[in-house]
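Asks: The structure's right below; bear with me while I get my questions together.
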C-alpha cells in the first residue's frame, strides 16, 4: 500500500510552497484584500509560467499533462498561501467542465489559454439563495441565447468565459438542465461586482440578455456533468482548505509560543494547548479524508462521489475550526485588520459555501453512502 | 497513490489468509463480528478458553506475536506484515484482547530490560498465550500522574518487599505474571525514586479484587500487595530508573498501528438505515442525516489516517504522530453516538438489557463509553501529548518537579 503522494509529487509541493512564499506573501494578498486590485495579475502570470495552471491539462491542449494528484498538491499550497487569484474557478471548475464535456474544438480554444494564463474561466450556477439543484436553475436557453441572472459567480467580474447552467426543459427532471459556454467579453452580458466575505476572491452578479452561447456537452446532460464537476472541485477545494487549516494552526501555534501573559508562554496553558490540539485533530482528519478523495479523483474510481463529499465536509469543518480558533488564540490582536488571522477566517467561511453549503454536502454524503450499501 | 500490496506483501497476505481460513474457530465468527463496546463478546463459550486455544494454535504454526524475534516465540515479521495479519485475522482478532497488554507492553519491556535467561523462559509462553501478563502501574493516587504512585518496594537481602495498592489493572484476575512499578526512594523527586519489577501474580501477599465499574461490569481490578517478596533478579532496569523503563512500556502501547478503534459509527449507520421514526425512515430525516454525515467523516478520517501510517510502515519509515488522534477522536465519538442512538428510540431508550432495542446494544455502549475516554490516557492527557510532542508547545509547569516525593501534598483540601 502506498496511500501517500509520491516523492516527485512532494517535490512539486515543495516547489509550489517556495514559489508562493516568495510571490504570495501576506503583504501581496493584502493588495487585493484592500481593494487595490481585483486579483494578483503578476502571481497569475507566474503560476502560468511555473506550469501550475495547466498541470492537469493534457499536453495536446497546452498543459503539462501531469495529473490530478499533482493538482492536489498545488491546491494545498494555494490554500496555505491564501492566494488572491481565480485558481479554483478557472482550474477546478471551468477547465474540469471542458475536460469532461468539451468538444475537441472547445478544448482547443480554451484549455491552452487557461494553461498560459491568458483566460480566466468560471462556473455560473447559482441564482440567489439555495444549493445546487436542477429546480434552482431558472436561467433559460432557447435558440442559442441565454436569458437570466446568475449570482454569486466566483471571479465573475474578471472572468473571460463562463460555463453556464441553463434550463432547456420543464419536465421536472435532471434532463431539463444543459450547459453552455459563454464568451463574457461578447454582447448580452452585464457584470456587477458584489461585496463578499472574502475580498481576496471576487464574487459577481452576471445578467444574460439574449446572450449568444454554445452548448457544452449534450442537450439535457448538464446536470450530470455538473455533478461530476462539483465532485472533482470538492476534492481540489478540500486540498486548499487543508492547506489553509495547516497555516491557521501554525499561526496559532507560533503565537502561543511567542506571546507571554501571566509571566509565561500562553501555549503552556492547557486551555490554549488543548484548543490547538483539537485544531490539529480536525486538520489531520481532513487531510486523511482528502487523500482518499485524491486517490478517487486521480483514478476515476466509482468511490469518487462518496469520497468527494467526505473530503468536502471534513475539510470545510477543519478550515472553519482552525481559522476561528486561530483568532481566539491571538486574542484581541487576532481581531485587528492588521493581523492576518481574519484573511483565513474570511477564506474559510467563503469556501464553506462556494460549492454548496455544508448541509448540502452532508445530505449528498448520506445519499451516496446509501447507494453504495444498496449496491 | 494506491492501496495495492507489494508482491511480497501480497504473498504474505495470501499465506496468512489461507492459514486463517483453514484454522480459525469459524463457529464463533458471527458472534465476534457482532460484538461492540460494552457487550460480552462470546455467549456460547468461555472466551478465555477460546482465546487461549486460538493463540496456542497460532503459536504452534509460527503466527503468534509476529513482530517479536523468533527466539522469544515470535515470527520476526516486519511491521507491515503485522498490520496485514491483523487485517486478515479480522473478527478473530477480538480473541487477542486479553493478550494485548502482555504482547504489546510487558513483552517489549522484558525484551529491553530482563536478563537473557528470563527472556528465554518467560517470553515464549507469553507469546503462545499459555501465560497471561498484566501491567501494574496505576494507583488510586497516581492515574494520569503515574509517577505519583505510592506502592513501596524495600530492599531486604536478595529480595524486595512490596506493600501498597494498584488499581485499574486489566485482567489481573486471570493473569499469571505482571510488571510492577514501585517507589524505592521517597526522599528524591517523584520521577527519580521509581523501580520496575516483574512478578508472579500467585506470589503470597498478592490479592486481586475486581472493581465493579460504573457500567456494572468488571473488566478491571484492584491489586493489593502485603509484604510480597520479589527476588532482585526480577528487577527491570536500574534501581531508581523505573520511570525510564515505564516510558518504554508506554511507548509500545501508543505505537500499536492499524489496530481498529471502535467509533460506534457502523453500528449507528446500520441502525438508522432500517429504523422507522414517527414521520418516516430515520435515514430520510434531515437532522439524522446531518448527524450521521458528521460522524461518517470522523470515522473515515480515522480510517484513512491509519492507512497513511500503514503506508509509512510499508515504506520502512516510522509513522508520524498522526495516529495518536485515534483514541481521542473515537472515545468521545462512541459516547456521543450511543447517546444519539438512544435519543432516536424516544422514551423506550431507557430500557436496557436483552429486552431492549437491539438487545440493548447502544445502552451497553453508552454505559461503557465513559471508560474509553479515561483508560490508556485520558482525553486531556492525549491532548497534552499532541500539543507537546506534535505541535511543540511547552510542557505543563510542574510544581512538584524538584520536590522530594515525601514532601508533595497528598490532599487537596483540609
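Throughout, read-outs are computed from the coordinates displayed, never taken from laboratory work. All values derive from a computational prediction rather than experimental measurement. Every residue, glycine as well, gets a Cβ built from its backbone with ideal geometry; the counts of neighbours run over all protein chains shown.
Asks: Anyone know which of B:245, B:403, B:374 comes out most mobile in the 10 Å Cα GNM of chain B?
Replies: Most flexible of the set in this elastic network: B:403.
Asks: Nearest 10 degrees, 0 to 90: what angle lies between the long axis of helix B:116-127 and the longest principal axis of chain B (Cα atoms)?
Replies: The helix B:116-127 is inclined about 20 degrees to chain B.
Asks: What shape does region A:197-256 have by the C-alpha gyration tensor, where a ≥ b ≥ c are the square roots of the eigenvalues, rounded means a/c under 1.5, and otherwise prolate means a/b greater than b/c and oblate the rest? Don't skip to the end; give the middle numbers.
Replies: On the way: a/c = 6.10, a/b = 2.05, b/c = 2.98.
Oblate, because a/c is 1.5 or more while a/b does not exceed b/c.
Asks: Could you check which residue among A:270, A:317, A:228 shows the biggest mean-square fluctuation in a GNM of chain A with a 10 Å Cα cutoff?
Replies: The residue with the greatest mean-square fluctuation here is A:270.
Asks: Taking the 0 to 90 degree range and rounding to the nearest ten, how far is the long axis of helix A:341-354 tilted relative to the main principal axis of chain A, both from C-alpha atoms?
Replies: Roughly 30 degrees between the two axes.
Asks: Follow-up. Ranked highest first by the average count of other Cβ atoms within 10 Å around their residues, in what order do A:10-21, B:209-220 fall?
Replies: Working: A:10-21: 16.7, B:209-220: 14.3.
Per-residue mean Cβ counts within 10 Å order the peptides as A:10-21, B:209-220.
Asks: With an 8 Å cut-off on Cα pairs and a minimum separation of 6 or more residues, tell me the relative contact order of chain B in percent. Spell out each step's value before the answer.
Replies: On the way: 631 pairs, mean separation 58.0, N = 414.
It rounds to 14 percent for chain B.
Asks: Further, regarding this structure: Alpha carbon centre of region B:1-34 versus region B:144-213: separation in Å?
Replies: So the two Cα centres are separated by 39 Å.
Asks: Other chains near A:330-338: what is the mean number of their Cβ atoms within 10 Å of each residue's Cβ? Show your work: numbers first, answer last.
Replies: Values: counts 0, 0, 0, 0, 0, 0, 0, 0, 0.
Mean partner shielding for this stretch: 0.
Asks: Hey, another quick one. For B:89, B:130, A:70, which order do you get if you count the other beta carbons within 10 Å of each Cβ and list the fewest first? Provide the component values of the computation, followed by the final result.
Replies: Details: B:89 19, B:130 14, A:70 23.
Least crowded to most crowded, the residues run B:130, B:89, A:70.
Asks: Next up: Could you tell me what percent of the DSSP beta bridges with both partners in region B:138-213 are antiparallel, to the nearest 5?
Replies: On the way: 13 of 14 bridges.
Looking only at bridges with both residues in region B:138-213, the antiparallel portion is about 95 percent.
Asks: Here's a follow-up. Is the shape of region B:295-407 rounded, prolate or oblate, going by the alpha carbon gyration tensor and its root eigenvalues a ≥ b ≥ c, with a/c under 1.5 for rounded and a/b larger than b/c for prolate? Intermediate results must be reported in sequence, preceding the final value.
Replies: Working: a/c = 3.15, a/b = 1.46, b/c = 2.15.
In terms of gyration-tensor shape, oblate.
Asks: If you take each beta carbon of peptide A:309-316 and count the beta carbons of other chains within 10 angstrom, what is the mean?
Replies: Across the residues of A:309-316, the mean count of other-chain Cβ atoms within 10 Å is 4.
Asks: Rounded, prolate or oblate, given the Cα gyration tensor of region B:98-168, with a/c below 1.5 counting as rounded?
Replies: Numbers: a/c = 2.37, a/b = 1.35, b/c = 1.75.
The shape class here is oblate.
Asks: Whole Å is fine, so just give me how far the alpha carbon centre of region A:302-373 lies from that of region B:77-132.
Replies: Distance between centres, Cα-based: 42 Å.
Asks: Can you show me the helix-derived [θ] at 222 nm for the protein assembly as shown, built from DSSP H runs with n ≥ 4 at -39,500 (n - 2.57) apiece and divided by the number of residues, rounded to the nearest 500.
Replies: -14500 deg cm²/dmol
Asks: OK, next. Just the projected area, averaged over all directions, of the convex hull on the alpha carbon atoms of region B:152-192: how many nm²?
Replies: Dividing the Cα hull surface by four gives the mean projection, 4.0 nm².
Asks: Taking chain A as a Gaussian network, where each spring joins two C-alpha atoms under 10 Å apart, which residue of A:274, A:342, A:330 fluctuates the most?
Replies: Result: A:274 has the largest fluctuation of those listed.
Asks: Helix B:7-23 against the longest principal axis of chain B: what's the angle in degrees, Cα atoms only, rounded to the nearest 10?
Replies: Relative to chain B, helix B:7-23 is tipped by roughly 90 degrees.
Asks: Sticking with this structure for a sec: Normalised by the number of residues in region B:192-316, what is the relative contact order in percent for Cα pairs under 8 Å and 6+ residues apart? Intermediate values should be presented prior to the final figure.
Replies: On the way: 105 pairs, mean separation 27.3, N = 125.
That works out to 22 percent.
Asks: Sticking with this one: Of A:47, A:257, how do they rank once you tally other Cβ atoms within 10 Å and put the fewest first?
Replies: Final ranking by Cβ density, sparse to dense: A:257, A:47.
Asks: Also, quick follow-up: Using only the Cα atoms of chain A, construct the convex hull and provide its projected area averaged over every direction, in square nanometres to one decimal.
Replies: Details: hull surface 76.5 nm².
Seen from a random direction, the Cα hull of chain A projects 19.1 nm² on average.
Asks: Further question: How do the peptides B:382-389, A:1-8 rank, highest first, by the average count of neighbouring beta carbon atoms within 10 Å per residue?
Replies: On the way: B:382-389: 20.4, A:1-8: 16.0.
Most protected by this proxy first, the peptides run B:382-389, A:1-8.
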